[in-house]
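First the structure, in the form of structure tokens, and then the observations on it.
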Amino acid sequence: MTATQPETGTDEQQTAPVAAFLASHLNGRTDEELSREFHQLLDAVRAHGKKGSMTITIVVEPPANGVESAPMPIGVESSVKAPKPTPVKSLYFLDDEGQPVREDPRQLAMDFRTAPTTTEFKKA
């Protein structure tokens, strides 16, 4: 589509806004999917306090069989890199064989026993 520009008197091709293309692609399903992914990314960034990213790729293929008047297949792909929670870490000691253990092998073990219980109390 071309239009004559009044200021310059030249023909210039009008471009369709990308946002309008994304909103109408696949009858709006692409816009809904991208919006859902974007809001999931926003929630993850807010929850974890780390940055994330979203990449939208518009893939355009040439017309079939090189026919100039044939329709051009256009697809939209997206990828989201949402932040993840920091994994919880546990502390371990290494024993003499180099195996991780929960208790310090250098610490002396103490035997604990259960103290006897009573239901009788002295009056103050």
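The values are calculated or read from the model by the stated rules, or taken from the named source; none is laboratory data. None of the values given here were measured: they were computed from a predicted structure. Neighbour counts are summed over all protein chains in view; Cβ atoms, including those assigned to glycine, are modelled from backbone coordinates with ideal geometry. Heavy atoms of the whole protein, side chains included, go into the accessibility calculation; ligands, DNA and RNA do not. Shrake-Rupley method; radii C 1.70, N 1.55, O 1.52, S 1.80 Å.
About the Cα centre of the chain, what is the dipole size in debye to 20, counting +1 per Lys and Arg Cβ and -1 per Asp and Glu Cβ, all else neutral?
1120
Cross-link partners among lysines for K89, C-alpha distance below 19 Å, same-chain residues fewer than 8 apart left out?
Result set, ordered by chain and number: K50.
Given (1) 25.0; (2) 15.6; (3) 7.4, which label gives mean projected area of the Cα convex hull in nm² as computed from the coordinates?
Matching the structure shown: (1).
I want the local charge near L91. Using Cβ-Cβ distances under 15 Å, sum +1 for each Lys or Arg and -1 for each Asp or Glu among the other residues.
Within the 15 Å Cβ shell, the charges total 0.
Top to bottom by accessible area (1.4 Å), largest first, where do S69, S24 land?
S69, S24
Let me cross-check E103: its accessible surface, 1.4 Å probe, with only protein heavy atoms counted, in Å² to the nearest 10?
For E103, solvent-accessible area is about 150 Å².
Note down the relative contact order for the chain as a percent, whole number, built from C-alpha pairs under 8 angstrom at least six residues apart.
Computed value for the chain: 14 percent relative contact order.
Given springs between every Cα pair under 10 Å in a Gaussian network model of the chain, which of V101, V88, V80 has the largest fluctuation?
Checking each option, the largest mean-square fluctuation is seen for V101.
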